[in-house]
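> So that we are looking at the same thing, I have put the structure below in structure tokens.
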Amino acid sequence: MKKSPLPLQSAGGSDKKRRQQPHGKEALVKLLRWHFGHAEFRGKQLEAIEAVLSGRDCFCLMPTGGGKSMCYQIPAMARPGIVLVVCPLIALMENQVTALKEKGIAAEYLSSTQTSHAKNKIHEDLDSGKPTLRLLYVTPELIATAGFMSKLTKIYSRGLLNLVAIDEAHCISTWGHDFRPSYRKLSSLRNHFPGIPILALTATAVPKVQNDVIESLGLQRPLVLKSSFNRPNIYYEVRYKDILNDVYADLCNLLKTSGNVCGIIYCLERSACDDLSAYLSNNGISCAAYHAGLNDKLRSSVLDDWISSKTQVVVATVAFGMGIDRKDVRIVCHYNIPKSMESFYQESGRAGRDQLPSRSVLYYGVDDRRKMEFILRNAKSKKSQTSNSQDQLSKKSLDDFTQMVEYCEGSGCRRKKILESFGEQVPASLCNESCDACKHPSLVARNLEEVTNTYATRQRYGFSHIMISRSENMNCQDLSEFWNREDEASCSEEDVSDSDDDNDVVRGLGRSKFQKKSGLNERIDFLQRAEENYYRSKAPDKQANKSDKNAIADALRESSKQRLCDALKQAQQRLVPLGVELKSAASILENQCYEKYGKSGKSFYYSQVASTVRWLSTADSTELTNRVGISNPSTSADKSKQAEQPSPSSPDREQVNVKDEDRDTAIKPQASEAGPVIESSSAQLPPIPSFSDFMNRRRGREKSNDKTQRIAMKNFEKKTRLK
Ligand SMILES: Nc1ncnc2c1ncn2[C@@H]1O[C@H](COP(=O)(O)OP(=O)(O)OP(=O)(O)O)[C@@H](O)[C@H]1O
Ligand SMILES: [Mg+2]
């Protein structure tokens, strides 16, 4: 139904006249009621609307579901001409345009998914001297094309461009959590269209991102409007996977006791979405999985069913992202810890957009934490074209993630933690007992204690290193939304089909370096080899003139020994007792690192220590004893003797510890040939194997490691049963 225009809209006349037209509060409220049926403006909506109607640039930070869209939709109704809205996703544009059309508002979007007939109609309207369109939604990629830009320039020169609104503006910042390279292209708009206000809108921007957005868009004297990030209607809670008997059952029960309400469950991996969704369906919950691995048709039918309440719960990856606007989502669960507070805020913020009481429940597990740390440490994306920026990015991602870990592992108010991470200082009383830590502090403290104990027990039995190195369940394809998000957008490529960035996007490791089916182990291998190559290219002789500030202090060497000693301890627990004297073995390993990279500087040395620690988490007994060259516990007196006088290698030891397949492998240690050498200054690292040798060795090792792990697991189970 097309509504008759309000008198306010029909003002003709010159551009200047139109801009000077008064838009008092009353008239604007009238528009809000008439077109959208809302009684009053919320939060800072009115201020933003008045600013842009007066021709001023505006940066608007409002919480998720705060009603940012209204800040450009009302100006579009306030005067004839066009409001151009830049949106990151086609799905998001489609949703908004459909909703506006239902209200009788002339809105369209331009994208590659439309038929040429539909596109031509829009272009005809734009080319006419008097377009009927009020809101035109486009992707940032389209703006960057010469054809569209010249069309826009024509509209502008006819005085018909009223406002440029940039939704999800944080996408322009490399520091933001959803960086879109194509958003960078919007920086020319300010100069192209002088006098036309630009409105930047976002829900998630830490101060650094806010400044970056304002600067990148070249906003001039913008009115900066910031609302609190607080979502008072959301109750925050963390549940601990490590102390739950059955996480699926707990989740199922949670959904049932919440009354079969509308919900979203976020998982890190696609396979987990499918699996969990099947479990919940079998247990009587109306739900479906949603991820970029499903075809278009299936995805949109899952979305439609959920929007129209045919299904209540969607189990999704982050592909179920921006622009999902169902107001009555009562519960958002995270089955895995998100990568940053910004992501968590966005995702949990999809609950309670109708401002009614809602819930956010995060299931936290120590293994999930490690998995995420591993992913973030090794993420490679377009953002980081140099190793330096790669390091910075990785550090930033890990810092961001630390906030999320603190949210889960701390016993303080969850709401306060969220708000503080966005730079808001608030008293804990603000929460009003609407998080588990404020409402049930002793229960949370007890849970945390239990988690700590459980974790310590697992570590004691050597199962804590798990899982990154051996996780066979996690593969690159399973995580591809995660990697996509790093590179381009928070959903699959087809959702950003206007992208002209595709060619130059440097895809993450998960997408470019491996076949789709390759797994995490290959990824680890790849990274390790890359690391080795990197070090090789920086061999000591090439680095001879390193300055003194790179010299390795004794204290650093001591702490590295300690680190290696700890890693050895864990390896001991994981494997059957090795009879290795830990401190001596740690000294040998540290010395190897020092010998190899000491002269190259601190960072090389330190990385080598780190990679040795990693190696220790997967090495089997044979490799370990071979490398450190100790087969039997020895007294310190023995050791010093041996150090002075290398003993011939024991045939027994070789028979017992060196498997045939390992005899000619690259990692056969030189030091072991000469018996145990403590603080050996001549220790050398083995030559680096060829890739195929490396892979063959690894396969062999995996078989024997699996066996060792099975035995260790059995022992652990026995011990637990005995207890
Ligand atoms: N003044 C208002 N009064 C009541 N409801 C409103 C008002 N303004 C907007 N809304 C409603 O609030 C909901 C969220 O609005 P909107 O999608 O614009 O939020 P948003 O800030 O863009 O959120 P997100 O960050 O998730 O994109 C919508 O359903 C909208 O109709
Ligand atoms: Mg929005």
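> If only one of Asp391, Asp399, Asp354 is among the charged types (D, E, K, R), modelled with pLDDT under 75 and surrounded by fewer than 16 Cβ atoms within 10 Å (Cβ to Cβ), which one is it?
Asp391 is the lone residue from the list that is among the charged types (D, E, K, R), modelled with pLDDT under 75 and surrounded by fewer than 16 Cβ atoms within 10 Å (Cβ to Cβ).
> A further question on this structure: Out of curiosity, is Val238 closer than 30 Å to Lys416 by Cα, touching a residue at least 24 places away in the same chain (Cβ under 8 Å) and assigned to a strand (DSSP E or B)?
yes
> Ok, one more. So, of the residues in the range 321-342 that are closer than 13 Å to Cys262 by Cβ and within 16 Å of ligand 1 (Cβ to nearest atom), which turns out to be surrounded by the most Cβ atoms within 10 Å (Cβ to Cβ)?
Of everything passing the filter in the range 321-342, Val329 is surrounded by the most Cβ atoms within 10 Å (Cβ to Cβ).
> Tell me whether the range 28-35 contains one or more residues that are within 12 Å of ligand 2 (Cβ to nearest atom) and either surrounded by fewer than 17 Cβ atoms within 10 Å (Cβ to Cβ) or under 25 Å from Pro181 (Cβ atoms) (or both).
Within the range 28-35, not a single residue is within 12 Å of ligand 2 (Cβ to nearest atom) and either surrounded by fewer than 17 Cβ atoms within 10 Å (Cβ to Cβ) or under 25 Å from Pro181 (Cβ atoms) (or both).
> Of all residues in the range 94-114, count the ones that are in contact with a Phe, Trp or Tyr (Cβ under 8 Å, 6 or more places away or on another chain) and in contact (Cβ under 8 Å) with a residue 60 or more places away in the chain.
2
> For the range 65-77, name all the residues that are more than 8 Å from ligand 2 (Cβ to nearest atom) and either free of Cβ contacts under 8 Å to residues at least 60 places away in the same chain or among the polar types (S, T, N, Q) (or both).
Within the range 65-77, Gly67, Met70, Gln73, Ile74 meet the criteria.
> Follow-up question, since we're still on this one. Out of the helices (runs of 4 or more DSSP H) lying entirely within the range 109-191, which hold 1 or more residues that are in the same structural domain as Val97 (by the TED database) and within 16 Å of ligand 2 (Cβ to nearest atom)?
140-143
To keep it simple, each residue is scored yes or no on (1) crowded, with 22+ Cβ neighbours inside 10 Å; (2) farther than 30 Å from Ser228 by Cα; (3) among the charged types (D, E, K, R).
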position	(1), (2), (3)
Leu53	no, no, no
Ile90	yes, no, no
Asn95	no, no, no
Gly104	no, yes, no
Gln114	no, yes, no
His117	no, yes, no
Asp125	no, yes, yes
Ser150	no, yes, no
Lys154	no, yes, yes
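> Could you grab me the full set of residues in the range 127-148 that are crowded, with 17+ Cβ neighbours inside 10 Å and among the β-branched types (Val, Ile, Thr)?
Result: Val138, Thr139, Ile143.
> Scan (1) of a type in the set (Val, Ile, Thr); (2) under 17 Å from Ala203 (Cα atoms); (3) more than 16 Å from ligand 1 (Cβ to nearest atom) for the single condition Val313 breaks and write down its number.
Condition not satisfied by Val313: (2).
> Sticking with this structure for a sec: Could you check the range 257-270 and list, in sequence order, the residues that are closer than 16 Å to Thr311 by Cα and at pLDDT below 95?
Ser258, Gly259, Asn260, Val261 - these are the residues of the range 257-270 that are closer than 16 Å to Thr311 by Cα and at pLDDT below 95.
> Say we look at the range 79-108 and pick out the residues that are among the basic types (Lys, Arg) and not in a helix (DSSP H, G or I); which of these is farthest from Gly321 (Cα to Cα)?
Among them, the one singled out is Arg79.
> Filter the range 193-203 for residues that are within 16 Å of ligand 1 (Cβ to nearest atom) and in a strand (DSSP E or B) and give the result.
Leu199, Ala200, Leu201, Thr202
> Follow-up question, since we're still on this one. Does Leu356 satisfy the condition of being in a loop (DSSP other than H, G, I, E, B), more than 25 Å from Ile243 (Cα to Cα) and more than 16 Å from ligand 2 (Cβ to nearest atom)?
yes
> Output the number of residues of the range 46-76 satisfying the condition of being assigned to a loop (DSSP other than H, G, I, E, B) and more than 8 Å from ligand 1 (Cβ to nearest atom).
Here the count works out to 4.
> OK, next. For Glu215, are the conditions met, namely being acidic (Asp, Glu) and in a strand (DSSP E or B)?
No.
> Which of the residues spanning the range 331-348 are closer than 16 Å to Val314 by Cβ and aliphatic (A, V, I, L, M)?
Ile331, Val332
> Sort through Cys413, Cys431, Cys435 and tell me the only one that's touching a residue at least 40 places away in the same chain (Cβ under 8 Å) and either surrounded by 14 or more Cβ atoms within 10 Å (Cβ to Cβ) or in contact with a Ser or Thr (Cβ under 8 Å, 6 or more places away or on another chain) (or both).
That would be Cys435, the only listed residue that is touching a residue at least 40 places away in the same chain (Cβ under 8 Å) and either surrounded by 14 or more Cβ atoms within 10 Å (Cβ to Cβ) or in contact with a Ser or Thr (Cβ under 8 Å, 6 or more places away or on another chain) (or both).
> Among the residues that make up the range 204-211, is at least one of them surrounded by 23 or more Cβ atoms within 10 Å (Cβ to Cβ) and not in a helix (DSSP H, G or I)?
There is at least one residue in the range 204-211 that is surrounded by 23 or more Cβ atoms within 10 Å (Cβ to Cβ) and not in a helix (DSSP H, G or I).
> Here's a check for you: in the range 198-214, which residue that is of a type outside the set (A, V, I, L, M) and under 11 Å from Phe59 (Cα atoms) is nearest to ligand 2 (Cβ to nearest atom)?
Thr202
Per-residue answers, yes or no, for (1) over 30 Å from Asp436 (Cβ atoms); (2) touching a Lys or Arg at 6+ places or on another chain (Cβ under 9 Å); (3) touching a residue at least 40 places away in the same chain (Cβ under 8 Å); (4) more than 15 Å from ligand 1 (Cβ to nearest atom):
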position	(1), (2), (3), (4)
Ile155	yes, no, yes, yes
His170	no, no, yes, no
Arg184	yes, no, no, yes
Ser188	yes, no, no, yes
Asn191	yes, no, no, yes
Asp212	yes, no, yes, yes
Leu219	yes, yes, yes, yes
Lys226	no, yes, yes, no
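> In addition: State which residue is farthest from Val628 (Cα to Cα) when the search covers only the range 535-571 and only residues that are modelled with pLDDT of 50 or more, within 34 Å of the chain's Cα centre (by Cα) and surrounded by fewer than 17 Cβ atoms within 10 Å (Cβ to Cβ).
It comes out as Asn550.
The values are calculated or read from the model by the stated rules, or taken from the named source; none is laboratory data. Nothing here was measured: the structure is a model prediction, and the numbers come from that model. Positions of Cβ are backbone-derived with ideal geometry, glycine not excepted, and every protein chain shown enters the neighbour counts.
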